[in-house]
1. Could you go through the range 287-295 and let me know if any residue there is outside any loop (DSSP other than H, G, I, E, B), farther than 30 Å from residue 159 by Cβ and not assigned by TED's automatic domain parsing to the domain that holds residue 137.
2. If residue 335 passes every condition in (1) surrounded by fewer than 20 Cβ atoms within 10 Å (Cβ to Cβ); (2) assigned to a helix (DSSP H, G or I); (3) in contact with a helix residue (DSSP H, G or I) (Cβ under 7 Å, 6 or more places away or on another chain) but one, which one does it miss?
3. Which condition breaks for residue 226 when tested against (1) at pLDDT 95 or above; (2) in contact with a strand residue (DSSP E or B) (Cβ under 8 Å, 6 or more places away or on another chain); (3) farther than 26 Å from residue 131 by Cα?
4. Residue check: is residue 225 in contact (Cβ under 8 Å) with a residue 24 or more places away in the chain and either more than 16 Å from residue 63 (Cα to Cα) or over 19 Å from the mean Cα position of the chain (by Cα) (or both)?
5. If residue 121 satisfies all but one of (1) free of Cβ contacts under 8 Å to residues at least 12 places away in the same chain; (2) over 20 Å from residue 133 (Cβ atoms); (3) within 21 Å of the chain's Cα centre (by Cα), what's the number of the condition it fails?
6. Scan the range 127-170 residue by residue and report those that are outside any loop (DSSP other than H, G, I, E, B) and either buried (at least 16 other Cβ atoms within 10 Å of the Cβ) or at pLDDT below 95 (or both).
7. So, in the range 305-327, exactly how many residues are more than 25 Å from the chain's Cα centre (by Cα), surrounded by fewer than 19 Cβ atoms within 10 Å (Cβ to Cβ) and part of a loop (DSSP other than H, G, I, E, B)?
8. For the range 227-248, name all the residues that are farther than 24 Å from residue 404 by Cα, touching a helix residue (DSSP H, G or I) at 6+ places or on another chain (Cβ under 6 Å) and part of a helix (DSSP H, G or I).
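The values are calculated or read from the model by the stated rules, or taken from the named source; none is laboratory data. Note that the coordinates shown come from a computational prediction; the quantities given were computed from them, not determined experimentally. Here Cβ is always computed from backbone atoms with ideal geometry, including for glycine, and neighbour counts include all displayed protein chains.
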């Protein structure tokens, strides 16, 4: 017996009609289910650029989702407004008994959902949230004494011990698709221009949108998953999954990813599964410690008076620090909206511990530019690099940008891809071109200070300054 005659499912960061927990619950609890998505002005109006890859990625993914639901007899009502007002108003217009959605753990989303729940309750309707973007969330993985984990390794052990077939099962949608309903009014899809945005270079990225894009990438990755551990740290190698944006917007189910990795039983698959567990870890950290969204997880580190120079921040953003691996990585994010994970650690360490700038400035730059931006993961990663987080890199471990370059881009292939001005520099100098003798600079068409910048800082000296900063706080 169904609980509701009609209900509304609200798509958010779960743009798929396969293995969708909230949509499954809506369909199994209702005779008819309408579907909606809101381009939330509270989010969109705050974006710094009108050409934003994320908005275009969402719209392309949503267009595919609409076509799929239309083929099943349903539709997606696409709205542009404040979600906290638009969803209760649509629920009233459609005369539904309840609204279903999947949980979101970011502080702003939690506040939005509380406002929607209150508005719905005032009209006699309920809001039902399901867990979908994580395998485990909130208090599902606890210490033996019932406490919350703040260190990843023991959290991972507990996660793996709990993640049986029940928690990784799929939530079918297709078998209940006859309950999908079309609204009794037109539901056109707004264009990018209607939303106030411009087209980007999304079509040129190696991250195709939608469920079909996620499926292509995942199929390709499964064939090389066993090599993930040995290949993942080399930015010039096709070693990672490229699924981060799809995880962010839910165009593929994390349960399916975890099931596949667990069943592969290889060192590479185990290593990739760890990355999925990191996602859950950071979700629960942000849920239990929302102060980390704006400040250091360890508040004592908020006392650091960062002495870095404004012109150095500009050099970091504009890929002209004089350190090739750092600059190539920043060219990558500026050109594509994506950055290799190893390089995210390198440029974050460089900003904080070489340039001595507040980690929150780098975190915001990533938030503004990354296609796969996810508050929990971005915040957790930056606090790890800055040694201010829950499971931080020890403050005295500071990435050397030259040795990182020599180790993870030994032939300079990645550097040359994004820094063509260094294309003719021999391998022996590609990682530290300022060490190249003047005659060699002339011979290879790369005069330091003219064709490529001199280093903005001296790493060993800045390393000592960073250590002093952190020691001062710890003292």
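1. Start the filter on the range 287-295 by keeping residues that are outside any loop (DSSP other than H, G, I, E, B), which leaves 287-288, 290-293.
Filter again for farther than 30 Å from residue 159 by Cβ, leaving none.
Within the range 287-295, not a single residue is outside any loop (DSSP other than H, G, I, E, B), farther than 30 Å from residue 159 by Cβ and not assigned by TED's automatic domain parsing to the domain that holds residue 137.
2. Failed condition: (3).
3. (2)
4. On the way: in contact (Cβ under 8 Å) with a residue 24 or more places away in the chain: yes; either more than 16 Å from residue 63 (Cα to Cα) or over 19 Å from the mean Cα position of the chain (by Cα) (or both): yes.
Considered against the rule, which asks whether it is in contact (Cβ under 8 Å) with a residue 24 or more places away in the chain and either more than 16 Å from residue 63 (Cα to Cα) or over 19 Å from the mean Cα position of the chain (by Cα) (or both), residue 225 comes out as yes.
5. (3)
6. Taking the range 127-170 and keeping what is outside any loop (DSSP other than H, G, I, E, B), we get 127-130, 152-162.
127, 128, 129, 130, 152, 155, 156, 158, 159, listed by residue number.
7. So the answer is 5.
8. Quick first cut of the range 227-248, residues farther than 24 Å from residue 404 by Cα only: 243, 245-248.
Filter once more, keeping what is touching a helix residue (DSSP H, G or I) at 6+ places or on another chain (Cβ under 6 Å): 243, 246.
Correct list: 246 only.
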